[in-house]
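Notes to accompany the following structure.
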Amino acid sequence: MRTLAEHHQQARAGQAKKAAVALEDQLVKESADYPTLVDVTGGFELYVSGHGTGGCMAALCALYLHRKWESRIDFPTFTLKMYNFGSPKIGNKAFVDYYNQTMLGYSYRVQNLLDRATHEPWGYVPFPYNLTVFLPGVDYVRRGNEYFTVYEHIGKSLALPGVGMPSLEFNVQEIFKPLMSLPFAHDAAGYKAMLQDANNRQTTLQASGRQIVAKMTEQRDQLVLQFQNMGR
């Protein structure tokens, strides 16, 4: 039986074949391979994460677990959160609305706005069906045996501009190199670098803000002291 990692690799290789095993059976196998090491009778938190197509799998897995565990009266109290990175669009509007309603407040998607993979699938709809699919209440249109729909993202978006310093060397003058910034790569290392860069920028801005506030407070105290001396 294939592992989840092998199914993920199969999807990345473009082998879009129907899975030979149900998700529930796969989770049972994975659970047997990795037994629980802590007591969860008092409640627990579980974080599901994935990158790229693995982000889609993480969302589907989190939704499945939420539905399965929520229906069990004897199940411990749980908090299930999903974080994915660089995930493509996962489903049509009907599915996305259901997912967002079920996982409201517990699903987050980190997206590089310059990452092409996060805008796929493009959902090309030929004319004149492209005029119909965007009408209110229309989820898809059909032409014979062909179905056309528009895919959407799930969860709350945490979008970043995703531009950093390039690792490539350009034969340009040093003064122009800061202008040659390139998007971070789509891979996991690229998203990690993007988040670290965003954190560094935020830390720098916070430090600058604290310095400005401290300077303004110092100037205010000096003015107050001057007015007090003038009144004596």
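Any read-out appearing in this document is the output of simple, stated calculations on the displayed coordinates, not a laboratory observation. All values reported here derive from a predicted model rather than from experimental measurement. Heads up, the Cβs are rebuilt from the backbone with ideal geometry, glycines too, and the neighbour counts pull from every protein chain shown.
A few remarks follow.
- Order of S71, S107 under a 10 Å beta carbon neighbour criterion, fewest first: S71, S107
- Along the range 54-60 the Karplus relation, 6.51 cos²θ - 1.76 cosθ + 1.60 evaluated at θ = phi - 60°, assigns HN-Hα couplings of x, x, 5, 5, 5, 5, 5 Hz to successive residues, with x for each Gly and Pro.
- Residues with amide H under 5 Å from that of Y151, placed H, sequence gap 5 or more: none
- Annotation note: trypsin sites (Lys or Arg not before Pro) in the range 36-85 located in DSSP loop regions with a Cβ neighbour count of at most 11 within 10 Å are R72.
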